[in-house]
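Data block below; observations after.
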Amino acid sequence: MLFAAPKLCRPAPRPEKRGVMAKKNPHLRAVVAPSPVIIAAAYDENGKADACTLALYTPISHRPPCVLIGINVTMRPRKTLGSILHSGAFTIGYPGEDQVTEADYIGVASGFDTDKLKDVGFTVSEGQTVHAPVINELRLTLECEVVHTVRVGSNIQITGEIKNILADEEILDGKGRVVLERLKPLIYDEEGFAYRHAGEPFAEPFRTGTEFMKQLEK
Ligand SMILES: Cc1cc2nc3c(=O)[nH]c(=O)nc-3n(C[C@H](O)[C@H](O)[C@H](O)COP(=O)(O)O)c2cc1C
């Protein structure tokens with residue numbers, strides 16, 4: 001497990017009967033909220049590091065560990081997409097709350113027009129396992145090899161197999177798991193159009209449902 005399980009001592013919340021409400025049909029869209037904001041980075045054909053901010057991002061396989069990213073091909077061209085496809089590798093870096101300005105800028109400016117990483121004062125190192133730039137200032141980075149690409153609607157969906165994880169010691173617990181309270185990832189809320197905090201833990205996954213299962217069996 002990459003992320004540390006929070007210590008929760010509160011009892012599991014009990015299911016409560018809730019009145020069923022009439023449903024509305026809001027306009028059709030892919031609701032991506034809430035989603036962690038990441039910065040994908042890859043080298044272009046000249047060896048220059050490109051990077052763009054993404055919210056279309058999700059873990060998709062535990063073994064081998066894989067993630068999915070979605071990059072739009074119907075709107076303004078993303079230079080980073082070409083670099084990922086060209087090099088067959090990319091990194092996923094997690095900006096912290098204190099890096100919101102850098103992350104947002106990297107998501108609005110384009111590598112076609114400027115050297116964004118230089119503009120925000122970010123530096124890069126070569127990945128340890130893949131030929132892709134690691135943004136040194138980001139506290140958590142996944143080094144990924146492209147294993148699959150497919151067009152899905154407006155986007156190219158890229159599956160990356162994680163080959164290595166780089167984490168600053170300060171965000172890890174004693175077992176080498178990432179502590180969210182230390183990473184402070186940016187959460188993108190497309191519905192509310194806001195960056196949000198990751199929020200407090202309030203219940204324990206798998207145990208909450210298992211406890212209820214035991215109560216049903218009594
Ligand atoms: C919060 C945020 C989330 C974004 N998510 C995505 C995304 O998931 N997919 C995408 O194609 N573009 C996304 N973008 C837009 C790209 O980051 C943007 O087009 C960027 O300028 C591309 O840079 P490049 O041309 O240097 O690759 C996002 C931007 C922001 C600010």
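The values are calculated or read from the model by the stated rules, or taken from the named source; none is laboratory data. Every value quoted in this text rests on a predicted model; they were computed, and no experiment measured them. In this analysis, Cβ positions are derived from the backbone assuming ideal geometry, glycine residues included, and neighbour counts consider all displayed protein chains.
For segment 76-99, a residue qualifies if it is within 15 Å of Gly160 (Cβ to Cβ), of a type outside the set (A, V, I, L, M, F, W, C) and not in a loop (DSSP other than H, G, I, E, B), and the qualifying residues are Thr80, Ser83, His86, Ser87, Thr91, Gly93, Tyr94. I'd like to know if segment 166-184 contains one or more residues that are surrounded by 15 or more Cβ atoms within 10 Å (Cβ to Cβ), more than 17 Å from Ala4 (Cβ to Cβ) and either at pLDDT below 95 or among the charged types (D, E, K, R) (or both). Within segment 166-184 (the criterion being surrounded by 15 or more Cβ atoms within 10 Å (Cβ to Cβ), more than 17 Å from Ala4 (Cβ to Cβ) and either at pLDDT below 95 or among the charged types (D, E, K, R) (or both)), the answer is no, since none of the residues qualifies. When Pro64, Pro59 are checked against the criterion of being surrounded by fewer than 15 Cβ atoms within 10 Å (Cβ to Cβ), free of Cβ contacts under 8 Å to residues at least 40 places away in the same chain and either closer than 27 Å to Ile171 by Cα or away from the ligand (no atom under 12 Å from the Cβ) (or both), Pro59 stands alone in meeting it. For segment 100-126, the tally of residues that are crowded, with 18+ Cβ neighbours inside 10 Å and outside any helix (DSSP H, G or I) stands at 3.
Name every residue in segment 111-128 that is touching a residue at least 40 places away in the same chain (Cβ under 8 Å) and either within 11 Å of the ligand (Cβ to nearest atom) or on the phi > 0 side of the Ramachandran plot (or both), in order of residue number. Listed by number, the residues that qualify are Gly111, Asp115, Lys116, Leu117. Filtering segment 175-218 to residues that are closer than 16 Å to Thr101 by Cα and free of Cβ contacts under 8 Å to residues at least 12 places away in the same chain leaves Phe193, Ala194. Out of everything in segment 127-151 that is part of a loop (DSSP other than H, G, I, E, B) and charged (D, E, K, R), what residue ends up being surrounded by the fewest Cβ atoms within 10 Å (Cβ to Cβ)? Going through the qualifying residues, I end up with Glu137. For segment 69-95, filtered to residues that are among the aliphatic types (A, V, I, L, M), closer than 26 Å to Ile187 by Cβ and surrounded by 19 or more Cβ atoms within 10 Å (Cβ to Cβ), the residue that is nearest to the ligand (Cβ to nearest atom) is Ile71. Among all positions in segment 49-56, there is at least one residue which is assigned to a loop (DSSP other than H, G, I, E, B), near the ligand (Cβ under 7 Å from one of its atoms) and crowded, with 17+ Cβ neighbours inside 10 Å.
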